[in-house]
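Okay, structure first, notes after.
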Amino acid sequence: MSISRKISTITSAAALRAVQVAVDHAATRGAAVVVAVVDAGGVLMASLRADGAFAASVDIARDKAWTAAIFGASTDDLCAALSKREVVREGLALRPGVVLFGGGLPIRLDGNIIGGIGVSGGSEDDDRASAAAGLHALGLETASAAVI
């Protein structure tokens with residue numbers, strides 16, 4: 001029996017690249033956002049607050065990234081998966097750090113979750129598009145996943 005396993009996680013260089021590209025992408029849409037990237041365990045690796053972005057977006061961006069990494073699904077997909085399970089959805093929504101609206105994406109490499117990216121401060125569409133731009137900058141694409 002093995003008592004350990006190897007876990008792949010995002011590098012700090014990749015996290016920095018993703019947050020910068022996502023902030024820049026949001027700016028092209030006229031949005032000042034905060035972007036956060038967490039590692040596979042949900043621990044913050046990088047965060048960037050654009051000039052003029054709401055202070056409250058710092059925590060929300062981190063929470064979106066954490067939710068996506070820990071649940072292995074976008075915050076949108078998680079919410080949709082829970083749409084017919086009201087008790088579970090409401091229970092999860094009350095948990096500290098869980099976000100059930102757009103802007104959080106898991107970061108996957110070779111089928112494994114290596115982190116999460118969260119964007120807050122624009123519209124949900126701005127946040128989704130900016131998170132996707134951050135993934136794209138790493139050569140990754142967004143992917144839906146079955147959840148719960």
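The values are calculated or read from the model by the stated rules, or taken from the named source; none is laboratory data. Treat the numbers as computed from the prediction; the structure is a model and nothing was measured. Every residue, glycine as well, gets a Cβ built from its backbone with ideal geometry; the counts of neighbours run over all protein chains shown.
Things to note:
- Exactly one residue out of ALA46, ALA61, ALA55 is touching an Asp or Glu at 6+ places or on another chain (Cβ under 9 Å) and either small (Gly, Ala, Ser) or on the phi > 0 side of the Ramachandran plot (or both): that is ALA61.
- Residues in segment 109-124 that are over 13 Å from ALA18 (Cβ atoms) and in a strand (DSSP E or B) were compared, and the one that is farthest from the chain's Cα centre (by Cα) is ASN112.
- On the stretch given as segment 119-136, residues that are crowded, with 24+ Cβ neighbours inside 10 Å and among the hydrophobic types (A, V, I, L, M, F, W, C) total 2.
- Set VAL99, VAL37, VAL23: member being under 21 Å from GLY139 (Cα atoms) and outside any helix (DSSP H, G or I): VAL37
- Single condition GLY139 does not satisfy, out of (1) modelled with pLDDT of 95 or more; (2) surrounded by 14 or more Cβ atoms within 10 Å (Cβ to Cβ); (3) assigned to a loop (DSSP other than H, G, I, E, B): (2)
Listed here are the residues, each with its yes/no results for (1) surrounded by 21 or more Cβ atoms within 10 Å (Cβ to Cβ); (2) in contact (Cβ under 8 Å) with a residue 24 or more places away in the chain; (3) more than 22 Å from GLY97 (Cβ to Cβ); (4) within 15 Å of the chain's Cα centre (by Cα).
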position: MET1; (1), (2), (3), (4): no, no, yes, no
position: LYS6; (1), (2), (3), (4): no, no, yes, no
position: LEU16; (1), (2), (3), (4): no, yes, yes, yes
position: THR28; (1), (2), (3), (4): no, no, yes, no
position: VAL33; (1), (2), (3), (4): yes, yes, no, yes
position: ALA36; (1), (2), (3), (4): yes, yes, no, yes
position: ASP39; (1), (2), (3), (4): yes, yes, no, yes
position: MET45; (1), (2), (3), (4): yes, yes, no, yes
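- Residue in segment 71-81 that is in a loop (DSSP other than H, G, I, E, B), crowded, with 17+ Cβ neighbours inside 10 Å and of a type in the set (A, V, I, L, M, F, W, C) present: yes
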